[in-house]
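Quick notes on the structure that follows.
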Amino acid sequence: MWCNVVNGWRRLMTKKQMEGKSMNSDSVVSVRASISFPPGVYQTLEGIARQKKVSLAWVVREAAENYIAEKWPLLKGQA
């Protein structure tokens, strides 16, 4: 299985933008990435998303978090 990150960018929120929002410090910075998947992998991810009634992005984020927790347990909770 492979993926290719095409680009990424960071979005920083100012303290004023964060006022009144229930955010922790981890959610202040987000990175957007455009990822290419082989067709079969993409179709499988879409099927999982439909079954769970969530977005494909949610499935990919959850998979990445689980991968990190499994491969590098000392980093759990830092992502």
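The order of 41, 31 by accessible area, most exposed first and with a 1.4 Å probe, is 31, 41. Given a 1.4 Å probe and the protein chains as shown, residue 71 ends up with an accessible area of around 100 Å². When 42, 67 are compared by accessible area at a 1.4 angstrom probe, the order from most to least is 67, 42.
The values are calculated or read from the model by the stated rules, or taken from the named source; none is laboratory data. All figures in this text were calculated on a predicted structure; none of them were measured in a lab. We work out accessible area using only protein heavy atoms, side chains counted, and drop any ligands, DNA or RNA first. Shrake-Rupley method; radii C 1.70, N 1.55, O 1.52, S 1.80 Å.
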